[in-house]
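Right, one structure below, let's go through it.
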Amino acid sequence: MEDIKQVILDYVIEEYVEDEDEEVTFDTPLISGGIVDSFSMVSLKRFLENKYQISIPDEKASPEAFDTVDLIVELVKEFTAGK
Amino acid sequence: MFNIGSYDERIKDFNWSISEQELGYKPGSVINIGWYCSDRLCEMGGADKPALIWEGFGGKEKQYTFNDVRLASNTIGTFLRELGIRDEDRVCIFLDRNPELYLSFVGILKIGAIAQPLFSAFGDESLHVRLENAETKAIITQKKHVSKVRKIRDSLPHLEHIIVVDYDGKRPLQEREVAFSLETATPVESLEIFPTHAESPSVLHYTSGTTGQPKGVKHVHYSLISQYLTAKWVLDLKEDDIYWCTADPGWVTGTSYGIIGPWSMGITQCVLDSGFSAEAWYRFIEKNRVTVWYSAPTAIRSLMKAGDEVVAQFDLSSLRHLASVGEPLNSEAVIWSEKVFGKAFLDTYWQTETGSMMISNYPGMRIKPGSMGKPFPGITAAVLDPNTHEPITETGRIGLIAFKPGWPAMMRTYWNNEATYQSKFVNDWYLSGDRASIDPEGYFWFTGRDDDVINTGGHLVSPFEVESALLEHEAVAESAVVAKPDEVNMEVVKAFVVINPEFEAGGDLELKIMNFIRKRLSPLAMPQEIEYVDSLPKTRSGKIMRRLLHAQEWGEEIGDISTLEDDDA
């Protein structure tokens, strides 16, 4: 799972972090911290679905579930389990 | 007792002079919104009263009294003047919701310059077209957003100054950039207020239409007259209130009712500058004992989605009045808010162009959930027949929402686009671009837009702008953009694209296109769904039939398709 964590973190930094000096880690709040807004969350969800060949139902894709890379990894695990 | 008293009594013999008198304004004399929002309150004995309670991410807090607002706006105004900013120069505010945004707005107005607030999530292309159109002379921004300005500055010859409010010295400033910090600047005790008059320009907000580039809506200092009175009568703001307007001042609600209305009344307001979560919002209300809350249907529906149990974890008993704006407030949300907060959110209707509330539900008036309410006193509103542009007298029949021009906050023109401004008037009515019907008791009921503009989360997105940006992506040969229904945001952007043959349709390309639009325009404009098609439906003259695609998304009757070039598309 470390690899997934890093992949997602790298993607978040590359796509959503505007301030090049801002330090973002696995537990940095993304949604409540204002790094990823609710509209952009759709593109992050699409990235995860494409990358890990999963489908995350809308009711699971809540701002709370996407708030940190750690939480996102938990969500991805839920849908990749058994694959 | 509510400020408005009886709506039925107020509409008799109404005159805007009520507001002029309360503000001590005499027609023909100086009127400067910046002064009204700071110095005047201090002169009236309110210097030590809290004006702004600000909370940023991680619970970081700052508080400003009205005297602090006076001093900070003096300091910013002086700094701008020293840079060479003069009256009617456009100064863009491109900041997150931090205190400098609010204080800069007041400072810009005090020196007679025009404040041009822009939503800080805008991408470089969205920023460019708005700065270019306004020939903006200075932009006030922050480290986080300065890279977007750097990308476009070379093609903006009028942009002389890029002011960075949180410069930390870690990286060198570049061409035209200058650092300014309110924390280290020496407070300026005295600033000569520029003697603006009723028709002097004050604020330039940009809004999107179906075609063409975004339009700069020019407002004037006299707008204060209706912003003050609507804040008083519709939001029912009172001396001891703690007020929270959740709108970003990059949009008109955030300035008309997130700065001008409350501060001209000397009201304490709170600002939360962090991402959305139901818990964070309820905690903010509880902590600050918010009494009046002005929010948006999208936020209310998101709170509904988070569930009633979350509400129960907080003490929200301080709330006494709730109002909503941005898009029609569905009856379910009204009923839900009454159930969980003990008060209904009252819907208000107005636009960037109107500058202040036009049709509202008023405290003390019987509320019909789902209705827009009734016209504000002094506002003549009607629904017009789309063909004759005459008022419809028959109740329940849908027509175009229109207003008789002449209220104080009405836009004065579209910046550098007088022809489009003139096209908004027919038979001496201002056409809003929205449709509604009126019931037998005079309540207005919103039915939809009269054009293709997409209202997503209360913000207007131009399909033309998104389509133009899509064509800049190497994979896209043709595109059509329409609204798609959405449970929370009412509408979201959906794009139909024809891709160039060398590209492969699929999820990866879809994501690339989505991110391309998000960064160039804004997250709001990013298509939430992209559908690949072989061709787009067009008229015989080659115009894309958005109507057909829209009908398909909304499950509506397609209507007359006899003009389609290819009805298999």
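Odds and ends about this structure:
- DSSP assigns beta bridges within the range B:7-435; of those with both partners inside it, close to 45 percent run antiparallel.
- With a 10 Å cut-off around each Cβ of B:164-173, the average count of Cβ atoms from other chains is 1.
- If you wrap the Cα atoms of the range B:7-435 in a convex hull and average its projected area over all directions, you get 20.8 nm².
- log₁₀ of I(q)/I(0) at q = 0.09, 0.13, 0.22 Å⁻¹ - the range B:318-451, Debye sum with one point per alpha carbon: -0.28, -0.56, -1.35
- Relative contact order (%) - chain B, alpha-carbon pairs under 8 angstrom, separation at least six: 13
- Under the criterion of Cα pairs below 8 Å and six or more residues apart, the relative contact order for the range A:2-80 equals 37 percent.
- Bridgeable lysines around B:LYS151 (alpha carbons under 19 Å apart, same-chain partners fewer than 8 residues away excluded): B:LYS137, B:LYS143, B:LYS519.
- The mean count of C-beta atoms from other chains within 10 Å of the C-beta of residues in B:513-526, rounded to a whole number, is 3.
- Pairs spanning more than 29 Å between alpha-carbon atoms, out of B:LYS218/B:LYS305; B:LYS60/B:LYS238; B:LYS148/B:LYS424; B:LYS404/B:LYS538; B:LYS62/B:LYS238; A:LYS45/B:LYS538: B:LYS218/B:LYS305; B:LYS148/B:LYS424; B:LYS404/B:LYS538; A:LYS45/B:LYS538.
- Centroid-to-centroid separation of the range B:273-291 and the range A:19-83 [C-alpha atoms, Å]: 23
- Shielding by partners for peptide A:21-33, expressed as the average number of C-beta atoms from other protein chains within 10 Å of each residue's C-beta, is 2.
- Across the range A:2-80, the convex hull enclosing all Cα atoms gives 82 Å³ per residue.
- Value of [θ]222 nm, deg cm²/dmol, for chain B, DSSP H segments ≥ 4, -39500 (n - 2.57) each, nearest 500: -8000 deg cm²/dmol
- Net +/- balance of residues flanking B:ARG176 in space, Cβ distance below 12 Å, scoring K and R +1, D and E -1: -1
- Centroid-to-centroid separation of the range B:153-206 and the range B:485-499 [C-alpha atoms, Å]: 37
- Packing-based ranking of B:145-151, B:21-27, B:248-254 yields B:248-254, B:145-151, B:21-27, ordered from highest to lowest mean Cβ neighbour count within 10 Å.
- Applying both filters, DSSP loop and at most 10 other Cβ atoms within 10 Å, to the GluC sites (Glu not before Pro) of the range B:130-196 gives B:GLU175, B:GLU183, B:GLU189.
- Estimated D of the protein assembly as shown in µm² per second, where Rh is the Kirkwood radius over Cα pairs and Stokes-Einstein applies at 4 °C, 1.567 mPa s: 50
- Neighbour net charge for B:ASN387 - beta-carbon separation under 15 angstrom, K R +1, D E -1: -2
- Each principal axis of the Cα atoms in the range B:66-111 has its own extent, and those three values, largest first, are 24, 23, 14 angstrom.
- Based on Cα contacts under 8 Å between residues 6+ apart, the range B:144-248 shows a relative contact order of 14 percent.
- Extent of the range B:8-161 along its three principal axes (Cα atoms, max minus min coordinate, largest first): 54, 38, 37 Å.
- Convex hull volume per residue for the range B:431-533, taking Cα atoms only, in Å³: 107
- 3J(HN,Hα) couplings calculated from phi for the range B:83-100 with the Karplus curve 6.51 cos²θ - 1.76 cosθ + 1.60 (θ = phi - 60°) are, in sequence order, 7, x, 6, 10, 4, 6, 5, 8, 10, 7, 10, 10, 9, 5, 6, 9, x, 4 Hz; Gly and Pro show x.
Bear in mind these aren't lab numbers, they're just calculated from the coordinates by the rules spelled out. Model, not experiment: these values are computed from the prediction. All Cβ positions, even for glycine, are placed from backbone atoms using ideal geometry, and neighbour counts span all protein chains on display.
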